[in-house]
Each structure stands twice: as C-alpha cells, then as structure tokens.
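Below: one structure, written as structure tokens.
None of the figures in this text is laboratory data; all of them are computed from the coordinates on show. Computed from a prediction, not measured in an experiment: that's the story for all the values here. In this analysis, Cβ positions are derived from the backbone assuming ideal geometry, glycine residues included, and neighbour counts consider all displayed protein chains.
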Amino acid sequence: MSTYQATVSAPVNIACIKYWGKRDTKLILPTNSSLSVTLDQDHLRSTTSARCDPGFEKDALWLNGKEDEIKPGGRLATCITEMKKLRKEYEDQNPNEPKISGYSVRIASENNFPTAAGLASSASGFAALVYALATLYKLPSSPSQLSLIARQGSGSACRSLFGGFVAWEMGTSVTGTDSFAVQVAPAEHWSDMHALICVVSDAKKGTSSTSGMQRTVETSELLQWRIKEVVPKRMKEMQKAILDKDFDTFATITMRDSNQFHAVALDTDPPIFYMNDTSRAIVAMVTELNRVSVENGGGLKAAYTYDAGPNAVIYAREKDMKEIVNMVCHYFPLLASTQPYEDRFKLFSAG
Ligand code: 2P0
C-alpha cells in the first residue's frame with residue numbers, strides 16, 4: 001500500500017488595488033479586478049503538506065497543529081473536490097498513472113505569522129493548499145488554472161500562486177472561468193521594490209473580510225462608483241506603471257486605492273474601521289516624507305497601504321528603505337512593543 005505525499009509553501013501577497021466585494025459569494029467572483037505584489041520572504045508563508053492513502057477514512061485538515069472541520073459544501077471541501085476532479089481527469093487521460101483521486105487526503109498547514117490579523121493568511125493558506133494538492137497529484141496545470149480553484153477558497157489566494165506583480169482579472173462570466181490571476185511582471189523586473197510591514201497589532205481582526213465586504217456590497221453607494229469608475233482605470237494605469245517602473249504613479253495609485261478601500265469600509269452601514277490611530281499616524285509620516293522629498297525636487301519615496309487590519313505595509317525602493325525604517329523607529333518606538341524587535345518590522349523584496 002503506498003502513501004503519496006507533497007509539501008510546498010506559498011507566500012503572502014499585499015494588494016495595491018484592493019479586492020473588496022463579491023458578485024457571487026459561492027464561486028467567489030469579485031465586483032472588481034485587483035492587483036498585488038507577492039512578498040518573497042521565508043518568514044511570511046504558509047507551508048502545507050498533503051497526503052493521500054487508501055487507508056484514510058475521510059478528508060482531514062490541521063491548521064497550525066489544530067484540526068479544522070472540513071464542512072461539506074464549504075470552501076475547503078470545494079477546493080479539495082475540485083482538485084480531486086482534476087486528478088481524475090488526469091488519470092483518465094494517463095491510464096498508467098496510479099488511481100489515487102478516490103483516496104481521502106490529509107492536509108497539514110502552518111503559517112509562520114499571525115493568522116487573521118490583516119496579514120493575508122487566507123491568501124497564502126489556500127494558495128498553498130491548492131498547490132500542495134496539485135503537486136501531490138502531479139497535475140500539469142498552470143498557475144492561472146490553479147488560481148481558478150484557489151479563488152474559491154479565498155479570493156485573494158488566487159494572486160498568491162504567482163510571484164512578483166499579479167493581477168486578478170475579475171472576468172465577466174457567471175461560471176467564473178474567466179476570473180483568474182495572471183502575472184503582470186516577475187519580481188526581477190523591479191527588483192529594488194521593497195515592502196516594509198509594520199506590525200501595529202497582531203490581534204485577530206474584529207470584522208472578517210468575508211462578512212465585511214458583503215455588508216459593503218449591500219449598503220455602500222460609494223462602492224458602486226469605485227467598481228464602475230475608479231478601479232478599471234486604475235488597473236490599466238497601475239499595470240503601465242509597473243511595466244515602466246514608474247514609482248511615482250505606483251505609489252500614488254497604491255495610497256489612493258488604500259484610502260478608497262477604507263472609505264468604502266466607512267461608507268458601509270454599520271461602518272467598518274480597520275485602521276487605528278497608529279495606522280493613521282503612519283499615513284501622516286509617509287505623507288510628510290513624500291512632501292519634503294517633492295519639495296526638494298525629488299519624487300515620492302514611499303507608499304503606504306492597509307488591508308483589513310491596522311498593520312501598515314510601506315512600499316519603497318531599496319535606496320530609500322533605510323531612511324524609512326529609521327523614521328518609523330524614531331516616531332514609533334513603542335510600535336507593537338509587546339513583540340521582539342525583529343517581529344515588529346519585516347522587510348521584504350517583491351518575489
Ligand atoms: C485584498 N483584502 O485585495 C483585499 C484588501 C482585504 C483588503 O482580499 O471572502 O480574505 O476569502 O474572498 O480574500 C481579503 O479578502 O476574502 C482581501 P474572501 P479575502 O487583498
């Protein structure tokens with residue numbers, strides 16, 4: 001009797017143009033396209049092992065060492081079922097391959113960073129799960145094909161199947177076959193682009209993204225403007241900025257899109273607040289840094305962005321990062337002071 005096993009890891013991604021809202025909650029089809037940078041670093045990843053064995057009675061999953069229920073019809077079950085379907089098709093086309101698609105799977109996944117603290121743990125988690133099963137099943141699928149399945153685990157997960165700069169094209173079909181991720185440019189294209197994560201708080205967030213974004217879809221008028229008038233233009237401008245390595249445009253769109261995402265959260269009834277006073281003080285610091293730089297004839301030096309939590313991500317070019325880290329340390333000496341220094345600030349290159 002053989003056991004088949006694979007272990008892979010997948011990175012976190014941080015959106016510059018934010019995904020917020022679904023037009024189909026079951027298939028996880030978004031109301032707008034989005035664009036992110038994948039962070040390449042050993043310390044912010046999900047590592048997932050998948051095994052299948054004829055002796056396993058049922059599918060089972062452990063998250064950070066604790067068994068998680070796989071609810072029938074839920075997101076985990078959907079991803080596992082879809083991957084088994086792909087394996088079955090592969091077996092039908094390759095009759096010499098072992099027939100393992102009918103076996104139950106056991107999956108163990110570990111995050112090496114706080115889960116659900118606005119650090120995109122579901123993105124790397126579902127990307128790693130789908131990738132681990134694809135590796136276990138030896139599937140020839142492309143990252144874009146796998147992104148169609150990871151998307152059904154968690155929307156932002158579809159972007160974590162690629163490194164570098166990644167777009168999730170919302171698509172228009174009702175079945176979701178054209179709602180997948182594509183790479184805009186590999187990390188090497190703009191290798192001096194760095195990201196600094198300032199861990200303002202690693203507490204679990206108050207309003208989950210899944211429920212928060214649906215409340216926004218149901219109640220925010222501002223979201224409709226964003227979907228129709230703002231994001232389509234920004235997606236085009238941002239892709240050009242990345243291809244041209246135009247940091248000023250990249251930074252301007254990133255900051256404005258973060259601001260608008262938090263504005264639609266505020267426009268939700270009842271309102272949702274993800275940023276706190278420290279987050280806002282970091283916005284002021286970056287704004288001042290950029291103002292002084294522009295006043296002295298330079299361009300923008302940094303771009304802040306915030307997801308569904310208070311932690312700041314600051315994008316900057318490598319040459320400016322030292323100054324930014326020094327500034328954060330100077331103005332925010334107590335930032336997340338419950339944590340050791342090396343956990344307060346994390347510096348990444350795009351990857
Ligand atoms: C993003 N976020 O584009 C945006 C910005 C949070 C703020 O994607 O319901 O955890 O699992 O599809 O992917 C968070 O949403 O939500 C998210 P589901 P997900 O990164």
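I'd like the trypsin sites (Lys or Arg not before Pro) in region 122-220 restricted to DSSP loop residues with at most 15 other Cβ atoms within 10 Å, sorted by number.
Answer in residue order: 138, 204.
Using a Gaussian network model of the chain with C-alpha springs under 10 Å, which one of 129, 61, 148 is most mobile by mean-square fluctuation?
The residue with the greatest mean-square fluctuation here is 61.
Counting each DSSP H run of 4 or more residues in the chain as -39500 (n - 2.57), what helix-only mean residue ellipticity at 222 nm follows after dividing by all residues, to the nearest 500 deg cm²/dmol?
Mean residue ellipticity at 222 nm (helix-derived): -11500 deg cm²/dmol.
What's the ranking of 65-75, 299-309 by average number of surrounding C-beta atoms within 10 Å, highest first?
Those peptides, ordered most packed to least, come out 299-309, 65-75.
Can you pull the percent of Cα pairs in the chain with separation above 25 Å?
Distances greater than 25 Å cover 53 percent of the Cα pairs.
Determine which lysines satisfy two conditions relative to residue 18: a Cα distance under 19 Å, and not lying fewer than 8 residues away in the same chain.
205, 228, 233, 236, 240
Which cross-chain or sequence-distant (5 or more) residues have an amide H under 5 Å from the amide H of residue 16, H modelled 1.01 Å from N in plane?
Placed amide hydrogens put 35, 36, 37 under 5 Å from residue 16.
Whose amide H sits under 5 Å from the amide H of residue 56, counting only residues 5 or more places off or on another chain, with H placed in the peptide plane?
Close amide H contacts, sequence-distant or interchain: 104.
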